[in-house]
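**Q** What follows is a structure written as structure tokens; I'll ask about it next.
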Amino acid sequence: MKLGVKLFLPIFFVLFFTPQVFAKIVVVNSENWEDVYSGMLYAKLNNMEGYFLNSPNPEGILRILPKGHEILLIQSDKPFVSTLESILRSKGYEVTTKHVTDATIDLAPDTDTFYIVEKDRAVAALIAAPLAKMENAWVLIVDSENLPKITSMLGGKNVVLVGYFKRNIKSELDKYKTDEIIEPSKFKLSLKVADRFLKKHPTSQVIVTDGRNIEEEIFRGHSPLIIVGSNLLPEETMEWFKENKIKTCVVLGTQLTYVGERIRKASNKQIGVFIKYGQALPGSKIYALSMFPLPTPKIKLNVASVIYDPSTKQVFITFKNSGNMGLFELTNFRILENGNEIASAGDEEAHFIGSGESLVVSYKVSIPASKLNKKLTVEFFTSYGESPDSLDMYLTNIGKFGPPLTKELEVKSISDESLLNVTKVTYYEGYKRIGIEVTNLAKKPAYFIVKLPEIKVQGVPTPLHSEVSFISGDKKEVFISATLDPIDVKENSEVKVVIDYGEKKDLFVKSSEVILPLEVSSGFMPTGLFFYTGVGAGIGIVIIVIVLLLLKKKKRYGYGGGYKFRKKW
């Protein structure tokens, strides 16, 4: 098979990788990423070429499978195509099928070394793959369900934990570990694992990917894997390239062309950048790379509006998170007139925006009055991502790979007399909910949302937020679902709370931040209050019925007995 590659040099050309001929090849037929991952690692450890389905249509894989080879079909109990074996036989292939239920266990070889990653952190599995192949080791993908089976395999083995783990899983694995590479940032984790790789197998070449897809190059074991953003090259990554004298970067996929250009520019063209963009059999057409998408959350951010209020000399930027999970954003911007900068401002730290939430961030900016009747534009340099350490995406104009995003500046006055404050945070153990008490200092009706951007759940930083709530009285308590274990309660002894609010539901122009002690209650929550149970879960009313007291009262007056009460949540 040949692999199409573009090289960023003054002269552009195509480089063809031609692997050796294999008598047997592996085909993985599963909807589960962890089965595909384990199947590909199994193939490379056994010196076989590996292929996989990534859709219910087998035509794509049939185009690129080499003829005249015996196929080992690894098929899970959740295959893309249940009849794939017969289809392959009808095409003239000799097929042996191996059925798997949990491929990370079923395909595990007899090895001295296991690298272990958590299933919820698929990018850690990608990072560990080249190291495992180079050491002839195996990567075990663990979750709460297969944890007992996996721990039964670890006795007397060299066990290395990679990535980040929930506390209940890590506490069990700690009994067997001989080493660990623990790092919540996917960028820094890839560099730490690459350091380990280079100590055992020095090389000046690395593979570069955004960690969103499985691709066969990752499993060859000739180069460490470096994670970048989809349009972001972290500064520490570029420094690592220089410190380790990296000469060649193989970038997986044309979607990372912008990052490849950044590497060339930042290295003063001293690093050769190859973009792996296609695959083909000799003499055939070139097809797109086969990639299997990892379960990554949908992260989507846009700027809904940017307003300048001359009376307060403030710029109000409304960000909208239309993805399915919370994100962090960090913004710097310039205000331009005819391409000339007249003002600028930016953030010192990232802001958290919950799923489906809008956030208004204000900045002190002074624009001369003589400029306010001109056409003014704003250039945004906004990076965002899953955590403050993983701001791996930029807002860009349509059709552009890199920043800035350009918006027109609107000039108008904004009035808002609301004033809210967070006064108390309580964890209700019996109900697995965190209550946040909000005080209405201005006595004005207002809408608000509260956020816990740094709270830990099972030892893992897990930003939480409420839904949009309304307050008209003096106080209100809102609730967020969270299951904190005793260690979580200790680690969250003080909680950072952010409240965004305003008189208008769609324009939270005010925000405040406070750090409060986390109080713990093992009793009942206040009655008749709303609680939030998660995205899309809605609102419920807590109805507490003190059954024993009520029954005694009825019996005392001679008209009770025989009543049944049901708690309704």
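The values are calculated or read from the model by the stated rules, or taken from the named source; none is laboratory data. None of the values given here were measured: they were computed from a predicted structure. Note: ideal-geometry Cβ built from the backbone for every residue, glycine included; neighbour counts use all protein chains shown.
**Q** Among what's in region 505-519 and is of a type outside the set (Asp, Glu), part of a strand (DSSP E or B) and at pLDDT below 95, pick the residue that is surrounded by the fewest Cβ atoms within 10 Å (Cβ to Cβ).
**A** Ser512
**Q** Shifting gears a bit: In the list Lys490, Lys504, Lys456, which residue meets the criterion of being without any contact (Cβ under 8 Å) to a residue 12 or more places away in the chain, over 13 Å from Gly354 (Cβ atoms) and not hydroxyl-bearing (Ser, Thr, Tyr)?
**A** Only one candidate passes the filter, namely Lys490.
**Q** Name every residue in region 319-368 that is of a type in the set (Val, Ile, Thr), within 21 Å of Gly502 (Cβ to Cβ) and out of contact with any Leu (no Cβ under 7 Å at 6 or more places or on another chain), in order of residue number.
**A** Correct list: Thr331, Val361, Val365.
**Q** In region 362-383, is there at least one residue being closer than 30 Å to Thr248 by Cβ and modelled with pLDDT of 95 or more?
**A** Among the residues of region 362-383, at least one is closer than 30 Å to Thr248 by Cβ and modelled with pLDDT of 95 or more, which makes the answer yes.
**Q** Okay, next question. Which pairs turn up if I take residues in region 253-264 that are farther than 23 Å from Ile214 by Cβ and look for partners that are in a helix (DSSP H, G or I) with beta carbon separation below 9 Å, at least 6 apart in sequence or on another chain?
**A** Taking only residues 6 or more apart or on different chains, the pairs are Arg262/Met238.
**Q** Have a look at Leu131, Leu161, Leu173 and point out the one that is over 20 Å from the mean Cα position of the chain (by Cα) and more than 19 Å from Val457 (Cα to Cα).
**A** Leu131
**Q** Applying the selection to region 359-382, what residues are farther than 11 Å from Leu409 by Cβ and either among the small types (Gly, Ala, Ser) or free of Cβ contacts under 8 Å to residues at least 60 places away in the same chain (or both)?
**A** Ser362, Tyr363, Lys364, Ser366, Pro368, Ala369, Ser370, Asn373, Phe381
**Q** Identify, by number, the condition in (1) without any contact (Cβ under 8 Å) to a residue 12 or more places away in the chain; (2) more than 30 Å from Asp416 (Cα to Cα) that Pro295 doesn't meet.
**A** (1)
**Q** Ok, one more. Given the conditions (1) surrounded by fewer than 18 Cβ atoms within 10 Å (Cβ to Cβ); (2) modelled with pLDDT under 95, report the number of the one that Tyr164 does not fulfil.
**A** (1)
**Q** Is one or more of the residues making up region 40-51 more than 27 Å from Ile182 (Cβ to Cβ), hydroxyl-bearing (Ser, Thr, Tyr) and surrounded by fewer than 16 Cβ atoms within 10 Å (Cβ to Cβ)?
**A** No, there is no match, as no residue in region 40-51 is more than 27 Å from Ile182 (Cβ to Cβ), hydroxyl-bearing (Ser, Thr, Tyr) and surrounded by fewer than 16 Cβ atoms within 10 Å (Cβ to Cβ).
**Q** While we're here: Considering only residues that are buried (at least 16 other Cβ atoms within 10 Å of the Cβ) and of a type in the set (Val, Ile, Thr), which ones fall in region 385-405?
**A** The one that is buried (at least 16 other Cβ atoms within 10 Å of the Cβ) and of a type in the set (Val, Ile, Thr): Thr396.
**Q** Does Ile471 satisfy the criteria of being surrounded by fewer than 13 Cβ atoms within 10 Å (Cβ to Cβ), in the same structural domain as Ala442 (by TED's automatic domain parsing), among the β-branched types (Val, Ile, Thr) and at pLDDT 95 or above?
**A** The answer is no for Ile471.
**Q** Okay, next question. List the strands (runs of 3 or more DSSP E) inside region 392-498, counting only whole elements, that have at least 1 residues being under 23 Å from the mean Cα position of the chain (by Cα).
**A** Qualifying strands (runs of 3 or more DSSP E): 405-408, 446-452, 475-481.
**Q** Still on this structure, please answer the following. Of the residues Asn231, Asn213, Asn158, which single one is crowded, with 18+ Cβ neighbours inside 10 Å and closer than 21 Å to Ala103 by Cα?
**A** Asn213
**Q** What is the residue count in region 201-245 for residues that are free of Cβ contacts under 8 Å to residues at least 12 places away in the same chain and over 14 Å from Ser267 (Cβ atoms)?
**A** The qualifying residues number 1.
**Q** Now for a different question. Ala125 versus (1) in a helix (DSSP H, G or I); (2) over 30 Å from Val206 (Cα atoms); (3) in contact with a strand residue (DSSP E or B) (Cβ under 7 Å, 6 or more places away or on another chain); (4) aliphatic (A, V, I, L, M): which is the lone unmet condition?
**A** (2)
Table: residues versus (1) assigned by TED's automatic domain parsing to the domain that holds Asp392; (2) part of a strand (DSSP E or B); (3) over 27 Å from Met48 (Cβ atoms).
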position: Val160; (1), (2), (3): no, yes, no
position: Asn168; (1), (2), (3): no, no, yes
position: Glu180; (1), (2), (3): no, yes, yes
position: Leu189; (1), (2), (3): no, no, yes
position: Val193; (1), (2), (3): no, no, no
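**Q** In this structure, is Val117 assigned to a strand (DSSP E or B) and either crowded, with 18+ Cβ neighbours inside 10 Å or not assigned by TED's automatic domain parsing to the domain that holds Val27 (or both)?
**A** Taking the combined requirement at face value, the residue satisfies it.
**Q** So Leu256 fits all but one of (1) under 17 Å from Gly385 (Cβ atoms); (2) in the same structural domain as Glu34 (by TED's automatic domain parsing); (3) in contact with a Leu (Cβ under 9 Å, 6 or more places away or on another chain); (4) not hydroxyl-bearing (Ser, Thr, Tyr); what number is the exception?
**A** For Leu256, the failing item is (3).
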